[in-house]
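The values are calculated or read from the model by the stated rules, or taken from the named source; none is laboratory data. Here the structure is a predicted model, which is why all the values come from computation and not from measurement. Cβ placement follows ideal geometry from the backbone for every residue including glycine, while neighbour counts extend to all protein chains displayed.
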Amino acid sequence: MAGLAVSGGGIAGMAVALAAARAGHEVTVFCGRTLPQLAGGLQLAPNGWAALTALGLAERATASSLRLHNIMVRALDSGSTLIQLPLHEPYASISTSMAGRSG
């Protein structure tokens, strides 16, 4: 198979590189700079879970994530809840402190 070059080491670039490598391509990933240390986390919606499943990474992500059951919007000044939206499909959060855990 052909050798491929992927420009970018972010989420999309790494997903493309993984999929291409699994399809038998020799892949080289080019990154323009060192990635900054991440703070916070990543929220995954159903389409994100579908992508992780296709890449064979959903099981590991599930072990490192916290399932979200609703979204709450709060008032900035008082912190009171303005609205609460239930999440019926799989949504989850992976914090930087959880990402290094293995399941």
Scanning region 52-81 for residues that are of a type in the set (Gly, Ala, Ser) and in contact with a helix residue (DSSP H, G or I) (Cβ under 7 Å, 6 or more places away or on another chain) gives Ala58, Ala61
Those residues of region 58-98 which are loosely packed, with under 14 Cβ neighbours inside 10 Å and either aliphatic (A, V, I, L, M) or part of a helix (DSSP H, G or I) (or both) amount to Glu59, Arg60, Ala63, Leu66, Ile71, Met72, Val73, Ala75, Leu76, Leu82, Ile83, Leu85
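Let's see how each residue does on (1) in the same structural domain as Ala92 (by TED's automatic domain parsing); (2) more than 13 Å from Ala92 (Cβ to Cβ); (3) without any contact (Cβ under 8 Å) to a residue 60 or more places away in the chain:
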site: Ala23; (1), (2), (3): no, yes, yes
site: Val27; (1), (2), (3): no, yes, yes
site: Pro46; (1), (2), (3): yes, no, yes
site: Trp49; (1), (2), (3): yes, no, yes
site: Ala58; (1), (2), (3): yes, no, yes
site: Thr62; (1), (2), (3): yes, no, yes
site: His69; (1), (2), (3): yes, no, yes
site: Ala75; (1), (2), (3): yes, yes, yes
Filtering region 1-41 down to residues that are of a type in the set (A, V, I, L, M, F, W, C), in a loop (DSSP other than H, G, I, E, B) and at pLDDT 90 or above yields Ala23
